[in-house]
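A.B. asks: Handing you this structure, nothing more for now.
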Amino acid sequence: MKVVIVGGVAGGATAAARLRRLDEQAEIVVFERSGHISYANCGLPYYIGGVIEDQADLTLQTPESFFARFRVDMRVRHEVTAIHPERKAVSVKALETGETFEESYDKLILSPGARPTQPRLPGVGLGKVFTLRTVEDTFRIKDYISAHRPRSAVLAGGGFISLELAENLRELGLEVTIVQRPRQLMNPFDPDMAAFIHNEVRRHGIKLTLGRTVEGFEERGGGVDILLKDERPLHADMVVLAIGVTPDTALARDAGLKLGLKGSIVVNDRMETSVPDIYAVGDAVQVKHYVTGGDAVISLAGPANKQGRIAADNICGGDSRYQGSEGSSVIKVFGMTAAATGVNETAAKQAGLDADAVVLSPMSHAGYYPGGKLMTMKVVFEKETYRLLGAQIVGSEGVDKRIDVLATAIRAGLNATELKDLDLAYAPPYSSAKDPVNMAGFMAD
Ligand code: FAD
């Protein structure tokens, strides 16, 4: 069996490794457009900020090391330019030599990810307007900062990547402004919870220009003017566009695969596309939201890795099924941790659910043990049935642990009142005999 994989990072590399574990004989070829495989996308902002110092920590695997370990033919700087389902082959361009060729497959896995959304605005292509997706983008930003020592940056967009970059650029000493159309950062959070994030970033000197629409960029005075609708322009030495991501699915579209939300690839729970012998995984695919059951596009590393394994299992004769995404996520915002799972109250109501919520502000561990920190937890549930719909937590300690308990509770089908029955570990430095998760259950009762 010969399996060709498009994209050699989260979903693609996981699928390749799993295929090899399941089938010693399979021929596995991965084409990766960038110069790196299996790199740590999630670490890129921290390399820019100098928290991760060594480039090698971003690129844990090389094509050579991957081959030595898994006997997978990883071809970097190779772009797949077309899929020919009728003759089960892909067209490939070797980006370094310009050579083009066809590669046949028995099974094809698409894991092309998502690209930074680039609105058709004047000035988007300017040299000082950056986006962040790949290792190469990271080096570009890092090199620009080293060479030009910018004093200010404007980040367009207020999601995960923007916030992580904002923190890292601020730590490097830049004046940082975040501008975006929505009136709050981080849309997985309800406005009352996002307010805590706003306070934390403002406390660290980041300016928020919310509720403003960016209309374009113009070079001026060695920097960039950020043109705003009905407002005076902002000015900065550099700009990063991080207004979201769009599934990178031109290949799939041109090959006639069925597309869904935001141009994502429609797959079934076995990660099979609408075309036989073609599977798709990761940021490029449409999934079922585990809580609402609706179609969703959720761009996170965990789902991409799981889906890569599932596609590989099924190619090797198994019957693995993807159960849907909860969108569980966590982010460090300076001294704060903000985490969410499932849907927030706003999204639940938009999905037609009769949602209610409890909000509580417990300590991270027993109040009598020194160093406890306040956290704020919001648990969303369905009024009639108490079905757990989601949770959001902001605080500084113990946030990641509690969100994972709540994510697990949602997956296990617990309702909000059952949270009080969970038997959670307790010792004064870590928790409280009245753990916040238990307390949320009592409050919902
Ligand atoms: P990717 O990992 O993006 O891999 C897709 C690859 O396919 C790319 O390298 C691309 O070059 C290649 N490709 C595309 N088209 C072609 C083609 N035609 N031919 C050849 N190659 C092609 N998620 C989290 O859960 N937590 C985080 O903290 C987090 N932080 C992030 C920080 C940043 C800066 C970024 C960019 C993403 C972050 N993510 C995070 C998201 C996470 O990285 C993605 O959800 C995950 O990598 C998706 O996996 P994927 O395989 O679908 O796509």
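A.B. asks: What number of residues within segment 143-155 are part of a helix (DSSP H, G or I) and either buried (at least 18 other Cβ atoms within 10 Å of the Cβ) or of a type in the set (Lys, Arg) (or both)?
C.D. replies: 1
A.B. asks: Do we find that Thr341 is open to solvent by 20 Å² or more (accessible area, probe 1.4 Å), β-branched (Val, Ile, Thr) and under 29 Å from Ile206 (Cα atoms) in this structure?
C.D. replies: no
A.B. asks: Out of everything in segment 156-168 that is within 12 Å of the ligand (Cβ to nearest atom) and either open to solvent by 10 Å² or more (accessible area, probe 1.4 Å) or among the hydrophobic types (A, V, I, L, M, F, W, C) (or both), what residue ends up being nearest to Asn41 (Cα to Cα)?
C.D. replies: Applying the filter and picking the extreme gives Ile161.
A.B. asks: Can you say whether Val405 is open to solvent by 20 Å² or more (accessible area, probe 1.4 Å), within 21 Å of the chain's Cα centre (by Cα) and away from the ligand (no atom under 16 Å from the Cβ), as far as the supplied structure shows?
C.D. replies: Yes, satisfied.
A.B. asks: Continuing with this model, one more query. Mind checking which helices (runs of 4 or more DSSP H) fall wholly inside segment 1-70 and carry at least 3 residues that are over 19 Å from the mean Cα position of the chain (by Cα) and at negative phi?
C.D. replies: The qualifying helices (runs of 4 or more DSSP H) are 10-22, 63-70.
A.B. asks: Moving on to the next point. Restricting attention to segment 24-82, and to residues there that are out of contact with any Lys or Arg (no Cβ under 8 Å at 6 or more places or on another chain) and among the basic types (Lys, Arg), which single residue is nearest to the ligand (Cβ to nearest atom)?
C.D. replies: Arg75
A.B. asks: On to the next question. From the list Arg253, Arg183, which residue is within 27 Å of Ala347 (Cα to Cα), in contact with a strand residue (DSSP E or B) (Cβ under 7 Å, 6 or more places away or on another chain) and at pLDDT 95 or above?
C.D. replies: Only one candidate qualifies: Arg183.
A.B. asks: Select, from Arg120, Arg140, Arg133, the only residue that is within 16 Å of the ligand (Cβ to nearest atom) and outside any helix (DSSP H, G or I).
C.D. replies: Arg133
A.B. asks: Also, I was wondering about something else. May I ask you to list the residues in segment 387-399 that are open to solvent by 50 Å² or more (accessible area, probe 1.4 Å) and under 21 Å from Thr417 (Cα atoms)?
C.D. replies: Arg387, the sole residue that qualifies.
A.B. asks: Go over the candidates Asp269, Asp313, Asp283 one by one and state the one that is crowded, with 19+ Cβ neighbours inside 10 Å, at negative phi, away from the ligand (no atom under 16 Å from the Cβ) and not in a strand (DSSP E or B).
C.D. replies: Asp313
A.B. asks: Working only within segment 364-382, note down all residues that are open to solvent by less than 70 Å² (accessible area, probe 1.4 Å) and either modelled with pLDDT under 95 or farther than 18 Å from Ala195 by Cβ (or both).
C.D. replies: Ser364, His365, Ala366, Gly367, Gly371, Gly372, Phe381, Glu382
A.B. asks: Going through segment 222-248 one residue at a time, which ones are open to solvent by less than 10 Å² (accessible area, probe 1.4 Å) and among the β-branched types (Val, Ile, Thr)?
C.D. replies: Within segment 222-248, Val224, Ile226, Val239, Val240 qualify.
A.B. asks: Another one. Please enumerate the residues belonging to segment 50-66 that are buried (at least 18 other Cβ atoms within 10 Å of the Cβ) and not aliphatic (A, V, I, L, M).
C.D. replies: Matches in segment 50-66: Gln61, Pro63, Phe66.
The values are calculated or read from the model by the stated rules, or taken from the named source; none is laboratory data. All of these numbers come straight from a predicted model, not from anything done at the bench. As a convention, Cβ positions derive from the backbone with ideal geometry for all residues, glycine included, and neighbour counts pool all protein chains shown. Side chains included, ligands, DNA and RNA excluded: accessible areas come from the protein's heavy atoms. Shrake-Rupley method; radii C 1.70, N 1.55, O 1.52, S 1.80 Å.
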